[in-house]
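First comes the structure, then the notes that go with it.
The values are calculated or read from the model by the stated rules, or taken from the named source; none is laboratory data. Remember, it's a predicted structure, so these values are computed and weren't measured experimentally. Methodologically, a virtual Cβ is constructed for each residue, glycine included, from the backbone with ideal geometry; neighbour enumeration extends over all protein chains shown.
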Amino acid sequence: MTRLRLTAYTVLTMIAFAGNSLFCRMALKETAIDAATFTSVRLLSGAAMLWLLMSLQRQMPLEHGNWRSATALFIYAIALSFAYRSIDTGAGALMLFGAVQVTMLIAGFLAGERMTPMQSAGFVAAMVGLVILVSPSVEAPSVLDSILMLASGVAWGVYSMLGRGQANPAAATAGNFLRAAPMTVALSLLALPWLQLDIQGVLYAVLSGAVTSALGYVLWYRVLQHMRAMTASTVQLSAPVLAAIAGILLLGETITHDLVIASVLILGGILLVLRFGKR
């Protein structure tokens, strides 16, 4: 893959990731849909879109992917939805991808990847920013919501690592979504007493599942084939900036002092990791 195409795919993927945070927050803030229903509609919509794409290509998606990846995908999606009931779009995205970064950096380290001194400084800066974001303050979310968002990030980091080396990224993503479908159906049955349907909320869930998730994750699996784990982990931290801007413009969310400081530290850390990476 050429550098230009890799860059284009990466940018599109980060826009899709930011879109996931935005759609989730919009649905749970502005509509009556409940978190479990949003998650179910999102994953089922993604599974349907990917199944259709694979059918057109005459491929059998269940021959690809695996249950470990599907479980990580499900945990990421459900934890994200419940956490976004109260966390603002930008702050939630920073927590999410901060946790992703830690997970993938640890995995890369265990696989033998090493950081330069400047990359290590960038990593520390990013982690300090994450600590500021979740530390107790007037604007900080609840401990439970913070834990859920961090758990979602860890699950996404695991999902990303499991996706490296896939020979057929689109089919693997489709297989993972289809395996996650029965998990989300079981979730919906358990959550029936709290079911709240909302047409606009369902629309946001469908857009999140069929477009920014299904198609975005196919692109991400392709991008992963050409990136080291440590690079991939830090690239994803550009998504919170896009999510924060969208939240401010579309949802009227405020720019807090902690959010500004955390953003500078986290994004500055990304720059150091990318700029001073080993060739």
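Miscellaneous remarks
- Within segment 11-33, tally of residues that are touching a residue at least 24 places away in the same chain (Cβ under 8 Å) and more than 15 Å from residue 97 (Cα to Cα): 12
- Restricting the first member to segment 256-275 and to residues that are in a helix (DSSP H, G or I), and the second to residues that are at pLDDT 75 or above and loosely packed, with under 15 Cβ neighbours inside 10 Å, the beta-carbon pairs closer than 7 Å and six or more apart or on different chains are 272/118.
- Matching helices (runs of 4 or more DSSP H) fully within segment 142-247 where at least 1 residues are free of Cβ contacts under 8 Å to residues at least 24 places away in the same chain, within 28 Å of residue 52 (Cβ to Cβ) and not acidic (Asp, Glu): 169-190, 199-207
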